[in-house]
Amino acid sequence: MKPWIVGLTGRSGCGKSTVSEHYRAKGYAVLDCDRAAREVAAPGSSCLNQLVQAFGPEIVDAEGRLQRRTLARKAFSSEEGTARLTQITHPAIIALLVEQAEQAFSTGAEMVFADGAVIVGHSFEAYCQRIIVVDAPDDVCVARIMKRDEIDQEAAVQRLAAQMSSEQLRKAADYVIENHADRMTLLQQADQVLQELRKERNEHREKSETSADCGTGSGAVDCSDPVCRP
């Protein structure tokens, strides 16, 4: 039975980073999609060069370093810009995340979490055996974005509007964590989801031990379980 990658996602300002930090503190490997995005867009990289061509030289400073806020303002101002950003960055980000996951698995990890805002509906979703969505009301997300990124309300609303809707994310979720109360309530829900994931994982391990040929070989049975996804 192969290890699991669990996608941990949600709209900007939803509080998913708080959940991922909680899981990391419990000893689980957590892949940081934002950090991976920064690494693949390092000065001189092919990815950064493509971004400059697409969004203009003003997205880098005098030392050739990406100005993420400038890029975000340009990319998230339209659906076309957001799509172009995804096309350029996601292949490199996915390759790096898969490499990091494999490193964690090689040390014995059976489940790692991938913290990222853009997972559902994109290429990396196929690598995830389960999806957790952290969700919060629009006004809460907007307020958090404004405070975190030091931008005005209009810019925060625009950024949220450029992302996948709450309804779409929830449809794709295996688990939903509602972040509309305090931190303690949020983490209690996160612990409950973790408990359910571990139970589910154990159940699939038992099934795999009794169906070792599931999905392979000439005598294979037809298995539609997500754990058998490539």
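The values are calculated or read from the model by the stated rules, or taken from the named source; none is laboratory data. These numbers were taken from a predicted model, which means no experiment stands behind them. When we count neighbours, we look across all protein chains shown, and the Cβ atoms used for this are built from the backbone with ideal geometry, even at glycine. Accessible surface areas use protein heavy atoms only, side chains included; no ligands, DNA or RNA. Shrake-Rupley method; radii C 1.70, N 1.55, O 1.52, S 1.80 Å.
Here is how the numbers come out for the structure above:
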{"quantity": "Pick from the stretch 165-182, criterion more than 16 Å from Ser12 (Cα to Cα) and modelled with pLDDT of 95 or more, ranking: farthest from the chain's Cα centre (by Cα)", "calculated": "Lys171"}
{"quantity": "Hey, Ala162 under 19 Å from the mean Cα position of the chain (by Cα) and either open to solvent by less than 50 Å² (accessible area, probe 1.4 Å) or more than 30 Å from Gln87 (Cβ to Cβ) (or both) or not", "calculated": "yes"}
{"quantity": "Filter result (free of Cβ contacts under 8 Å to residues at least 40 places away in the same chain, within 14 Å of Asp149 (Cα to Cα) and assigned to a helix (DSSP H, G or I)) within the stretch 65-81", "calculated": "Arg68, Thr70, Leu71"}
{"quantity": "Residue ID - most open to solvent (accessible area, probe 1.4 Å), chosen from residues in the stretch 166-187 that are free of Cβ contacts under 8 Å to residues at least 60 places away in the same chain and not in a helix (DSSP H, G or I)", "calculated": "His180"}
{"quantity": "Of residues in the stretch 1-57 being in a loop (DSSP other than H, G, I, E, B) and among the charged types (D, E, K, R), the one nearest to the chain's Cα centre (by Cα)", "calculated": "Arg11"}
{"quantity": "Residue satisfying condition, being in a loop (DSSP other than H, G, I, E, B), over 27 Å from Asp191 (Cβ atoms) and open to solvent by 30 Å² or more (accessible area, probe 1.4 Å), within set Ala126, Ala62", "calculated": "Ala62"}
{"quantity": "Among the candidates Ser46, Ser77, Ser12, residue that is more than 30 Å from Gln188 (Cβ to Cβ), surrounded by 13 or more Cβ atoms within 10 Å (Cβ to Cβ) and not aliphatic (A, V, I, L, M)", "calculated": "Ser77"}
{"quantity": "Residue match in the stretch 127-134 (condition: closer than 17 Å to Gly27 by Cβ and in contact with a helix residue (DSSP H, G or I) (Cβ under 8 Å, 6 or more places away or on another chain))", "calculated": "no"}
{"quantity": "Residue within the stretch 146-153 that is within 19 Å of Leu8 (Cα to Cα) and of a type outside the set (A, V, I, L, M, F, W, C) present", "calculated": "no"}
{"quantity": "So Ala155, is it in contact with a strand residue (DSSP E or B) (Cβ under 6 Å, 6 or more places away or on another chain), open to solvent by less than 80 Å² (accessible area, probe 1.4 Å), modelled with pLDDT of 90 or more and not charged (D, E, K, R)", "calculated": "no"}
{"quantity": "Residue among Ala143, Ala136, Ala155, Ala104 that is at negative phi and in contact with a Cys (Cβ under 7 Å, 6 or more places away or on another chain)", "calculated": "Ala136"}
{"quantity": "Selected residue [β-branched (Val, Ile, Thr), part of a loop (DSSP other than H, G, I, E, B) and within 13 Å of the chain's Cα centre (by Cα)] from Val112, Val118", "calculated": "Val118"}
{"quantity": "Residues (closer than 24 Å to Arg68 by Cα and open to solvent by 30 Å² or more (accessible area, probe 1.4 Å)) located in the stretch 130-149", "calculated": "Asp138, Asp139, Val140, Ala143, Arg144, Met146, Lys147, Arg148"}
{"quantity": "Test result for Ala92, touching a residue at least 40 places away in the same chain (Cβ under 8 Å), farther than 21 Å from Ala161 by Cβ, touching a Cys at 6+ places or on another chain (Cβ under 6 Å) and part of a helix (DSSP H, G or I)", "calculated": "yes"}
